[in-house]
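Since every read-out is calculated from the coordinates, none of them should be taken as a lab result. None of these values were measured; they are calculated from a predicted model. As a convention, Cβ positions derive from the backbone with ideal geometry for all residues, glycine included, and neighbour counts pool all protein chains shown.
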Amino acid sequence: MGAQFYYTIEVFLNGLMAGVMYALVALGFVLIFKSSGIFNYAQGVMALFAAQTLVGIQTGLVPFSHLINAALGTDVHHFGWHIPGILSILLTTLVMIGFAWVVIKLVLKPLAGQEPIILFMATIGLAYFMEGFGDLMWGSDIKKLDVGLPQGGNFAIEEATASLGGPDFYGFYLDNLDIWAAVIATLLVVALTLFSQYTATGRALRAVADDHQAALSVGINLEKIWVVVWGVAGFVALVAGIMWGSKLGVQFSLSLIALKALPVLMLGGFTSIPGAIVGGLIIGVGEKLFEFAIGPMIGGATENWFAYVLALIFLVFRPQGLFGDKIIERV
Amino acid sequence: MLDAAKTDETLLEVNNIEVIYNHVILVLKGVSLRVPKGGITALLGGNGAGKTTTLKAISNLLHSERGEITKGSIAYRGTDVGNLSPTDLVKRGVIQVMEGRHCFEHLTVEENLLTGAYTRKDGKAKVAEDLELVYSYFPRLAERKRSLAGYTSGGEQQMVAIGRALMSRPETILLDEPSMGLAPQLVEEIFNIVKDLNEKEGVSFLLAEQNTNVALRFAHYGYILESGRIVMDGPAAELRENPDVKEFYLGMSDEGRKSFRDVRSYRRRKRWLS
């Protein structure tokens, strides 16, 4: 086999890894959409906020330090401690759950029973609020996020595969961080699937997704279910924020990864957890391979639009996505 | 079928309630009724009379439809329940089976039934026991327990809805329009099960129904609702014999069949109470 063949495989593998990262973001959307019919525009900003909070807690930043300093004339920025990665992830998870609770109480509960478009608008408002709030709380400078995940190329894989493709081929280059992201995303999906299929709360969650009114009528507490869902979505946002933040640094553009999740959702279906993963993988692999094979012929930069075009084609031929809920219609 | 309510103990008492939707639409104009323990009480009336609204006012499902009780009170076992959430009501033993079944389409039949046990805290073994009990009343559901509820027939969905309510171990079931869209045979089957549940399991029913004929055959007591008011009530057997009920709701009269036009003009002349 020639080197070209192995390069293609390398591109394919890297596409899979990129796809997992997209899927992580898409997952948060699916969770909330499935259980409350709300397209949560703020999911990307939630990932940014979670990453900011994580860095803030880990490096001992004083929240609202600019405000405090301006109001009291002091000059505090750091508590002067450094909290270990795992512990700060745990604390951030609590913050995200608390955040979910506040959103339910202040935004979703007063709007219960309104049209989906109104709830969607509310999440747009929420997104801009959080963006500002996150900056106000932790400062808007670009932060480095390091919770101890290995970075850089994986040499073991590179060396092990170096001999495959002849003298021009140096082995598969895979980023350690991407490999970790893939492992963690897989675990997350398995855990979420088990939770929603085999626990009473998971069943109630699916019931709420199907029919709010009926769920209420059998005594399911909608508010509690929503807090669970938004809490889990907040946790997923945190995981996505860690992965993307470790890669790109914690900064505003992190919230834009949400845009990449949209085509993933259209492909995989808005209501399917496995769909989010498979959709992410298809988009990741598709855009990398397309760029590799076709890109040079048409001037490159196809990664910017490939996903959207693919999603558009899906919208035409299979609007519920690959794994979206079957639209049950009895005749 | 008994002619009077089985016991004198009152479970549910609705006292002169008024319900307004969207702050402007007055739907119930002072409805009072009483559901005795162990009885089947029927709430009869045509489309838009306020039957569903009455049930939803009791089970407190009005809020999500922007309806509001503006007057009157609802008491269950003597305590006011007007402000309880549906969850708390289910915990107290009052559960509604909504009009139009409302099964969880993408859940299997068995999962649907299990959602009914959501509020229970008495352990898996007890829930599994009740699941068997539900299957014994609805053997058809046992055969279809692995299929998605969305793919079952209308009759089966009605059974799922009732079975799901049973899983909460209710004392009172508010059953809204169980006959809707079902073939006469199936209606009979469902009503026989309701009667069985009432007699053997001691579940009390408040039954909203347009099908007056069937409802009065199975109920002990009936209320007739017209444009948001109770216009007549009495033991089911008496209502069945009442000439007005016969004419307006059962389609029979002493003078033989009347044409639809005659009935309408008669109705315009005569007003129920007042």
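For the reader, a short list of remarks on this structure follows.
- Taking the Cα centre of chain A as origin and assigning +1 to Lys and Arg Cβ atoms and -1 to Asp and Glu Cβ atoms, the resulting dipole is close to 920 debye.
- Listed by Cβ neighbour count within 10 Å, with the fewest neighbours leading, B:ILE190, A:ILE298 appear as A:ILE298, B:ILE190.
- For chain B, relative contact order (Cα pairs under 8 Å, six or more residues apart, normalised by length) works out to 26 percent.
- Convex hull (Cα only) mean projected area of chain B, reported in nm² to one decimal: 15.2 nm²
- The stretch B:188-217 and the stretch A:204-263 have Cα centres spaced 43 Å apart.
- Per-residue Cβ neighbour rank within 10 angstrom, fewest leading, A:THR193, A:THR92, B:THR79: B:THR79, A:THR193, A:THR92
- Normalised by 2.2 N^0.38 Å, where N is the number of residues, the alpha-carbon radius of gyration of the protein assembly as shown equals 1.21.
- Neighbour-count order for A:VAL278, A:VAL218, A:VAL309, A:VAL20, fewest beta carbons within 10 angstrom listed first: A:VAL309, A:VAL278, A:VAL20, A:VAL218
- Helix B:260-269 and the longest principal axis of the Cα set of chain B meet at an angle near 70°.
- Built amide H within the under 5 Å cut-off of B:LEU207, gap 5+: B:THR41, B:ALA42, B:LEU43, B:LEU175
- Taken over the C-alpha atoms, chain A has Rg and Dmax values of 21.3, 71 angstrom.
- The stretch A:52-108 and the stretch B:91-106: distance between their alpha carbon centers, rounded to Å: 43 Å
- Residues considered: B:ASN198, B:ASN213, B:ASN22. Largest GNM mean-square fluctuation over chain B, using C-alpha springs under 10 Å, is found at B:ASN22.
- Helix B:154-166 and the longest principal axis of the C-alpha atoms of chain B enclose an angle of approximately 70°.
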